[in-house]
Amino acid sequence: METNLDSNKGTLAALAELHAGYTMKEAIDEAKRCLNCKNPLCVQGCPIEHKIPEWIHQLSKGNIGGAMELLNEKSNLPAICGRVCPHEKQCEGHCILNKKGNPVRVGKLERFIADFDSEMGLSKERLKAKTRGKVAVIGSGPAGLTVAGDLARDGFNVTVFESQKEPGGVLLYGIPEYRLPNEITRREVKKIEALGVTFRNNCVVGEGITVDAMFSEEDFDAVFIGSGTALPQTLSIKGDNLYGVAQSAYFLRMVSLFASDDIPRTEVPLKIGEKVAVIGAGNVAMDTARTALRMGAESVTLIYRRKEEDMPALRSEFLEAQNEGVQFMWESSTQELIGEEVNGKQKLVRMRIETPAGEVTIPMDRVYLAVGSKPANRIVSTTLGIEVNEKGYITTSEYPYGMTTRRGVFAGGDVVHTPQTVVLAMREAKKVAVGIAQYVDAIKLLGVKSYE
Ligand SMILES: Cc1cc2nc3c(=O)[nH]c(=O)nc-3n(C[C@H](O)[C@H](O)[C@H](O)COP(=O)(O)OP(=O)(O)OC[C@H]3O[C@@H](n4cnc5c(N)ncnc54)[C@H](O)[C@@H]3O)c2cc1C
């Protein structure tokens, strides 16, 4: 398989995008394989019901502008979905040609069209005047970007409030560079900016500004919360506060900052030649393990308390991790992290693990926890009247779609639906954007304000 790993370990080059895109000829040849089924199962398999056969048909004729127009109808983030959607479960998994194990590579085709369109600057959208109302969007992950893009296209004035210094959410700080280069996310954000959306970065809602102030001081008609699940879950085991133990999210974020030249390599919490363990077996754990290898770990072992068949990660992610040299310990649970004093710090040196063959104690330099995440409560705790469920996820209504228990405040994406996928956050956000438009149109008609 393709790999950037061998000679580049520990350097930026090791993070370069793993899978190459299509050339024009390859893309058109692949597009011509589409059977243009009467009842296209690929569309049924796509959470946002992309008009897949239609844009593939345009591509097969070389009409990339036409294909892009069709993509834009359903998605604000095609270059991203083309790279990170679980296509094997969605469009490609449903493709009739998959029955023979060779589906049309819908994801790669979507990526080709979006990349080509951006690189050539092909499509220029005609913008509507922003006359329908003013909407604040909190968070610029896939949910926030989708709401912002859809509402801006529909004539709303949209401002996105983002706590980080750059928009993108998990797309930028979570999903590693070798699967989704930061430049691709930046490019998609720029396209949303070009629709007339304003971004206010370094703006933590619940600290500098509150939802109430957005209504009363800034005169927004509606607020959308798409703040994701920023709080990593912890494991209560002895030694979890040792130097050398960190959250996967923190490690991935530091690597992303290094890849963007924002921090030096020395600030990435992993030294070349270290032994690494990752606890968990979801996609975040796979990303952490594979990134650790790229950053120069001598060995990476993924430890999971259940069986291989119970692993939540995509099969393709697991196979790639295995190919790259990640080792796996199934049905194994970490009992204790053991430290020793090194240069005045209590540093991790070993871990004690219960395995099916009995207890083992193995040397370890780093442990990253990838055992899930949940919503932070900063926004909810500083806003009156937003109900959450027992796990902290925001409760929303069916009509108008996505409104919370506070009038005029909407929510969507992972902060409502638990950690899922980019396209599922987008699907919900698209429905919420419709709910927000209906709500704002209604209050304008009635001549009332959200906070009255
Ligand atoms: C490491 C990792 C890898 C993943 N890989 C994939 C993949 O390959 N394919 C896939 O489909 N899905 C993947 N996912 C899941 C996917 O990224 C998420 O489901 C998706 O990003 C959720 O979108 P969201 O917009 O709801 O939240 P997020 O993307 O989390 O965005 C939330 C945004 O809100 C901002 N924010 C939070 N609080 C505040 C505040 N108080 N004020 C202002 N801003 C705030 C955050 O900074 C962030 O920008 C992955 C997730 C992780 C963590």
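Any chance the stretch 275-294 includes a residue that's under 30 Å from Val434 (Cβ atoms) and under 23 Å from the mean Cα position of the chain (by Cα)? Full working, then the answer.
Initially, the stretch 275-294 is screened for residues under 30 Å from Val434 (Cβ atoms), giving 283.
Narrowing the set further to residues that are under 23 Å from the mean Cα position of the chain (by Cα) leaves 283.
The answer is yes; a qualifying residue exists.
Within the stretch 322-342, track down each residue that is surrounded by 15 or more Cβ atoms within 10 Å (Cβ to Cβ) and farther than 27 Å from Ser236 by Cα.
Glu324
Identify, from the list Ala281, Ala213, Ala285, the residue that is of a type in the set (A, V, I, L, M) and either open to solvent by 20 Å² or more (accessible area, probe 1.4 Å) or outside the structural domain of Glu341 (by TED's automatic domain parsing) (or both). It would help to see each step written out before you state the result.
Details: Ala281 fails: either open to solvent by 20 Å² or more (accessible area, probe 1.4 Å) or outside the structural domain of Glu341 (by TED's automatic domain parsing) (or both); Ala285 fails: either open to solvent by 20 Å² or more (accessible area, probe 1.4 Å) or outside the structural domain of Glu341 (by TED's automatic domain parsing) (or both).
Going through Ala281, Ala213, Ala285 in turn, the sole match is Ala213.
Would you pick out the residues in the stretch 334-361 that are touching a residue at least 60 places away in the same chain (Cβ under 8 Å) and more than 18 Å from Ala246 (Cβ to Cβ)?
Passing the criteria: only Gln335.
Quick test for you: out of Asn76, Asn98, Asn63, pick the one residue that is open to solvent by 30 Å² or more (accessible area, probe 1.4 Å), within 26 Å of Glu183 (Cα to Cα) and of a type outside the set (Lys, Arg). Break it down into steps so the answer makes sense when it comes.
On the way: Asn76 fails: open to solvent by 30 Å² or more (accessible area, probe 1.4 Å); Asn98 fails: within 26 Å of Glu183 (Cα to Cα).
None of the other options fit; the residue is Asn63.
What is the residue count in the stretch 299-313 for residues that are surrounded by fewer than 16 Cβ atoms within 10 Å (Cβ to Cβ), at pLDDT 95 or above and part of a loop (DSSP other than H, G, I, E, B)?
The total comes to 2.
Here are the criteria: (1) open to solvent by less than 50 Å² (accessible area, probe 1.4 Å); (2) within 16 Å of the ligand (Cβ to nearest atom); (3) not assigned by TED's automatic domain parsing to the domain that holds Arg350. Tell me which single one Tyr368 does not satisfy.
Condition not satisfied by Tyr368: (3).
The values are calculated or read from the model by the stated rules, or taken from the named source; none is laboratory data. Everything quoted here is computed from the prediction, not taken from an experiment. With ideal geometry, Cβ positions are generated from the backbone for all residues, glycine too; neighbour counts draw on all protein chains shown. For accessibility, only protein heavy atoms count, side chains too; no ligands or nucleic acids. Shrake-Rupley method; radii C 1.70, N 1.55, O 1.52, S 1.80 Å.
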